[in-house]
Amino acid sequence: MTFVNRPMSEAIIKAVPSVEAGGCAAIKGGDVVSARTSEGESPVELRVTSFSRSAIDVFGFELVAGSLDNWISNREAVMSESAAKRLGLQVGDHFQYGYWNWTDITVVAIYKDMPVNSDLSSFDFILNAGEAGMDDWSQWGWNYFIKLKEGADLKDFEAAAKAVAIDNWVKAQGIKLEGMNEKEKEEFDKGWSPHLVKLTDTYFADNVGHPGKSGNRNTTITLLVIAIFVIVIAFINYINFFLALVPLRLRNLNTRKILGSSRFQLVLSSVGESVLMVAVALGLAIAIVTLFRQSSLAALIDTPLSFSQNWGIVALTVGLALLISVAASIYPALFATSFNPAFALRGSLGSNQKGEAFRIGLIGLQFTVSIVLIICSIFVHEQHRFMMKHDMGFNQECLLQSHLTFELASDRNAVESQLKSDPAIKEIAWGDGPFVADGRMTWNRPFKGEQVHWQVYPVSWNFLRFMGIDIVEGRDFTLADEQSENGVYIINETAQKMYGITTEDRIQGHSGNPAEVAGICKDFNFSSLRNEIGPFAFYIYGKEPWSPCCRLFIRTEAGVDTAAVMARTLKALNDLDPVMDDGFSVWVRPFRKSIENQYKKENNLSKLVTLFTVLAIVISLMGVFGLVMFETERKEIGIRRVHGATVKQILAMFNSRFVKIVLVCFFIAVPVSVFVMHRYLEGFAYRVPLHVWVFAVALVAVLAVTVAVVTLRSLRAATVNPVRALRTE
Amino acid sequence: MRIIQKSKTEMVSAILNIVGLAAAFAALYIILVQVHHDLTYNKALKDSDRTVSLCRTGRRGAMRI
């Protein structure tokens, strides 16, 4: 959305002295095309992009063969080493790629593959972007990258770039800066400040319109926090286990001490035992990761999980595991061997008050973490559901979409009459690219001394009626608009309010001449719900379009078999353009699919958080289970039973102890989760409120499971014949 | 009898602990791989710290009027 135009960018590269190299590079995950070495060969899928010659210098490509001297057109490719190997190509060889139809390409150079973990690995071959759009100030569809000289200051460069941009724009458009008042000048200035994002920061930069892969800092932090939570919970269990063992071990260890073992030996054997346990756990962990990689859950992680590619993280995990094993076992072992052995053997040092409080504290920490995780996972899930269900302001029912070739899209009548012969298809409309998207073509237009800046979506005349978007002022598009000389706008309410445009106004269209503003339409969500609604304009090109609207929207009748309609439509489209089944594959999909894809990140996060929350809770409960197990072994129950306590009373005693812990933890967990979720939800312009029921659900769930575990476990101990219980202790 | 009883409790608890630890280690590894990917993205490129992507602020700034 914040792309730049070529004349401005080229001027900056040329004029600012701190630039080492700069050029345009369409880094956008690479368009997938079919490629084959010759006719008749079975094609493979490759990803193509286009760079200007100078962009190659920006990224430090290393050529392994060929040279860039003859790389001038979009018929010559610079190819990655791995792709060249796959196709068996050398410098000078030819291959064909299919997009609209087969195009012959010569390989002029081969470069060493770029780091996998970067935007530069998102394509397999590069065509030369050439001179297209070089003088067009209105084409804001280019991505430019600039490498600064070593030690150059970013702020200085920003200021210099801005001056150059304004200077060139003013010259190109004949604007008079002198005539502006202060406010206008300020706005003008603001509109022309270039915004620079370091390549190392693009991944987390929000909304800058960097076309490469992007992530969300909150998601990464959330994941990291969860990882720490999970490991802390497991660590606590482990410490608790060793602490609980102390009273049982005292006798054993101290007997050995009397028999001549040194304290060092005893501690060492305890630690050794612990390391062994952790080693077994690590082995099991490898099995779990392997299972995870083969399951559908692996799709939640967008990078390979193989151990060989992540040896550093393997080492870190193993190191942490060893640290945990030693840390958890050494203190209890030192404690147990710290007494005079004779004293230890005689007395009951096991019921140590301080030790117990410590253990309860650890369990409390586990409960707190579990409750926070439950609350957060419900909110993340609710936010995703909310976005999927949100009324975006247009009709998504029975809606299919497809993307056609230029050739097909320029003959709308042929496509429409063919498709409408299917009785299941009700209506057809056309648009230029995806309808709901976080970025699209944006135009800057002068209007009453101000710059109007909006996203423009070229459509067919029936589009608004088709989507059920109401006109609040003026008129809808008509068929006659398709024959207009200079194009026609319909803008949304936000654009109307922001710039004070009326249906009487004329604003420069695609041809450079003023275009009519036919009407104002109701606001609707044209991008994901992370963003607020900004100024937006529907546009009809009229007689001379820049390009045909290739996105096809199909409304089917209600209740028809959608899969069958999609199959029939696909076949009909393929019949219309036989070129397409050769290489370029046409698709037909439900519109909802694109909405789902839009929120894939949130969906993935929701699944991951839920997965690890369940894990954390299960591990916590294992700890509670273990603790209750050791507690109920004590004489306490037997003695109480002998003194006439009923099973009910004993259950109540144990339960009330744990319920109290859970309640205290809940009151600690609530503010923590409110803080975390407030931050997460801030990333969305449209968000769910902090429902009270979520907190209640988390509390009830943890209480219920805890009571169940405690009851089950202590029931066994309480129903044993107390005489036997006392004797065994 | 006594020894068997005790070691049984210990065994069950030890197994629970090992399983819990294993799950935690697996989770840690999986998450760290993703986090590492996120934190090092584009950073291995040559001179990536002085390479910038050129954008315009215009839209966001202008929206606030």
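The values are calculated or read from the model by the stated rules, or taken from the named source; none is laboratory data. Computed from a predicted structure; not experimentally measured. A quick note on method: Cβ atoms are made from the backbone with ideal geometry, for glycine too, and the neighbour counts reach across all protein chains shown. Accessible surface areas use protein heavy atoms only, side chains included; no ligands, DNA or RNA. Shrake-Rupley method; radii C 1.70, N 1.55, O 1.52, S 1.80 Å.
Quick look at the numbers
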{"quantity": "Efficiency of FRET between A:Val318 and A:Leu297 - r from beta-carbon atoms, R0 30 angstrom, step 0.05", "calculated": "0.85"}
{"quantity": "Aspartates and glutamates with Cα under 19 Å of A:Lys448, excluding same-chain neighbours fewer than 8 positions away", "calculated": "A:Glu178, A:Glu182, A:Glu184, A:Glu186, A:Glu187, A:Asp189, A:Glu493, A:Glu504, A:Asp505, A:Glu516"}
{"quantity": "Label zone at A:Ser511 (point 7 Å along Cα-to-Cβ), backbone N below 15 Å, region A:545-566", "calculated": "A:545-547"}
{"quantity": "Per-pair calculated FRET efficiency, R0 = 41 Å: A:Asp153 and A:Val472 via Cβ, rounded to 0.05", "calculated": "0.25"}
{"quantity": "Volume per residue that the Cα convex hull of region A:76-125 spans, once the total is divided by residue count, Å³", "calculated": "74"}
{"quantity": "Computed label-point distance, nm, for sites A:Phe684 and B:Lys46 using a 7 Å Cα→Cβ extension", "calculated": "4.4"}
{"quantity": "Peptide A:228-241 - average C-beta neighbours from other chains (10 Å radius)", "calculated": "4"}
{"quantity": "Candidate aspartates and glutamates for bridging to A:Lys14, where Cα separation is under 14 Å - those fewer than 8 sequence places away on the same chain excluded", "calculated": "A:Asp167"}
{"quantity": "Alpha-carbon Debye profile of the protein assembly as shown, log10 I(q)/I(0) at 0.08, 0.09 Å⁻¹", "calculated": "-0.84, -0.98"}
{"quantity": "Residues listed by number, region A:528-567, amide nitrogen under 15 Å from A:Gln396 label point at 7 Å toward C-beta", "calculated": "A:528-531"}
{"quantity": "Between region A:355-422 and region A:529-568, the Cα center-to-center distance that results, in Å", "calculated": "20"}
{"quantity": "Burial order of peptide ranges A:212-219, A:606-613 (average beta-carbon count within 10 Å, highest first)", "calculated": "A:606-613, A:212-219"}
{"quantity": "5 angstrom amide H check on A:Glu473, placed H, neighbours 5+ away", "calculated": "A:Ile520"}
{"quantity": "A:Gly130 long-range amide H proximity, modeled H, under 5 Å", "calculated": "A:Arg53"}
{"quantity": "Within the accessible area of the protein assembly as shown (1.4 Å probe), percent carbon and sulfur", "calculated": "58"}
{"quantity": "Burial order of peptide ranges A:558-569, A:484-495 (average beta-carbon count within 10 Å, highest first)", "calculated": "A:484-495, A:558-569"}
{"quantity": "Ranked by how many other beta carbons lie within 10 Å on average, peptides B:27-33, A:163-169 from highest", "calculated": "B:27-33, A:163-169"}
{"quantity": "Entries in A:Lys213/B:Lys43; A:Lys198/A:Lys601; A:Lys600/B:Lys43 that, when Cα-Cα distance is taken, lie over 19 Å", "calculated": "A:Lys198/A:Lys601; A:Lys600/B:Lys43"}
{"quantity": "Computed helical MRE - 222 nm, chain A, DSSP H runs ≥ 4 contributing -39500 (n - 2.57), nearest 500", "calculated": "-16500 deg cm²/dmol"}
{"quantity": "Residues B:Leu39 and B:Ile15, FRET efficiency given R0 of 35 Å [Cβ-Cβ distance, rounded to 0.05]", "calculated": "0.45"}
{"quantity": "Solvent-accessible area per residue, Å², over the protein assembly as shown with all protein chains present [probe radius 1.4 Å]", "calculated": "45"}
{"quantity": "A:Gln418 paired with A:His94, simple spin-label distance in nm, labels 7 Å along Cα-to-beta-carbon", "calculated": "3.0"}
{"quantity": "Averaged over A:285-291, number of beta-carbon atoms from partner chains that fall within 10 Å", "calculated": "5"}
{"quantity": "Exercise: per-residue mean of other protein chain Cβ atoms within 10 Å, A:111-120", "calculated": "4"}
{"quantity": "Chain pair B, A: total accessible area buried, heavy atoms, 1.4 Å probe, Å²", "calculated": "7800"}
